[in-house]
């Protein structure tokens with residue numbers, strides 16, 4: 001069934017769960033998958049994923065970045081696994097959420113899109129320009145009772161491991177461990193950041209002390225004024241305070257068992 005507009009996928013998924021469906025398969029990008037999951041949290045109905053978006057971060061996390069026929073065949077072999085979901089200001093995210101440079105780029109791209117300038121080249125151009133001019137903002141971060149002052153290039157709360165481009169921001173994150181990996185990417189010289197970037201496509205090694213990772217269940221990010229953030233790549237804006245938290249084992253997902 002085709003969705004008709006924003007939040008329609010949530011409505012359809014919730015209705016299917018109420019009717020006792022074993023699974024609801026979202027065919028689309030991260031936004032459609034996120035909306036579908038919102039209708040399934042706390043039910044016995046599992047989320048299935050077939051990637052048809054541009055980023056496909058969550059589909060990559062599940063190993064579902066496949067041609068249609070292969071994706072359908074693989075779905076039939078997967079089993080429902082009870083997974084965690086994250087919340088940013090009470091709004092669900094499946095994969096990643098955070099503040100910093102990528103959230104600002106996403107917000108700028110959304111604003112530019114209102115004038116009709118879309119596509120990969122405008123996004124790449126805007127990202128490159130922002131990378132050279134972005135000034136990290138000082139944040140007060142309280143996580144699990146600990147207070148920290150930081151000015152990160154980006155601060156990511158990771159349920160899954162990677163962005164859509166296979167950029168592994170949190171290579172040790174797990175969808176089933178009951179924690180978010182809070183990844184602080186520290187600001188540094190442009191040369192250090194450039195040299196360190198390729199290592200984010202690997203599973204473990206992070207040179208130059210660019211990142212610090214903490215496992216958290218709840219965090220509050222504070223900054224006076226606007227806070228631009230993203231939820232699974234979708235930009236948002238709030239004021240003064242932003243909360244992140246994990247809801248453990250609240251969504252069944254069709255996937256390979258991480259513990260198998």
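Computed from the coordinates by the stated procedures, all read-outs in this text should not be read as laboratory data. Computed from a predicted model, the values in this text were never measured in an experiment. Please note: Cβ atoms are built from the backbone with ideal geometry, for glycine as well, and neighbour counts cover all protein chains shown.
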Take the alpha carbon gyration tensor of the stretch 19-105, find the square roots of its eigenvalues, order them as a ≥ b ≥ c, and report rounded if a/c is under 1.5; if not, report prolate when a/b exceeds b/c, else oblate.
oblate
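List the relative contact order of the stretch 1-85 as a percent without decimals, with contacts defined as Cα pairs under 8 Å and 6+ residues apart.
On the way: 101 pairs, mean separation 20.7, N = 85.
Relative contact order of the stretch 1-85: 24 percent.
Sort 167, 109 so the one with the fewest other Cβ atoms within 10 Å of its own Cβ comes first.
Details: 167 14, 109 17.
The order, fewest Cβ neighbours first, is 167, 109.
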For the Cα atoms of the chain, what angle does the longest principal axis make with the long axis of helix 8-18, in degrees from 0 to 90, nearest 10?
50 degrees
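Subtract the Cα-Cα distance of residue 77 and residue 8 from 0.36 nm times their separation in residues, and report this length gain in nm to one decimal.
On the way: separation 69, 0.36 × 69 = 24.84 nm, distance 2.79 nm.
So the extension gain works out to 22.1 nm.
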Per q in 0.10 1/Å, what log10 I(q)/I(0) does a Debye calculation on the alpha-carbon atoms of the chain return?
-0.49
With the crude spin-label approximation of a point 7 Å out along Cα→Cβ, what separation in nm comes out for residue 54 versus residue 130?
1.2 nm
Rounded, prolate or oblate for the stretch 141-184? Axes are the square roots of the Cα gyration tensor eigenvalues, ordered a ≥ b ≥ c, and the cut-off for rounded is a/c under 1.5.
oblate
Sites residue 110 and residue 220, calculated FRET efficiency, Cβ-Cβ separation with R0 30 Å, nearest 0.05:
0.75
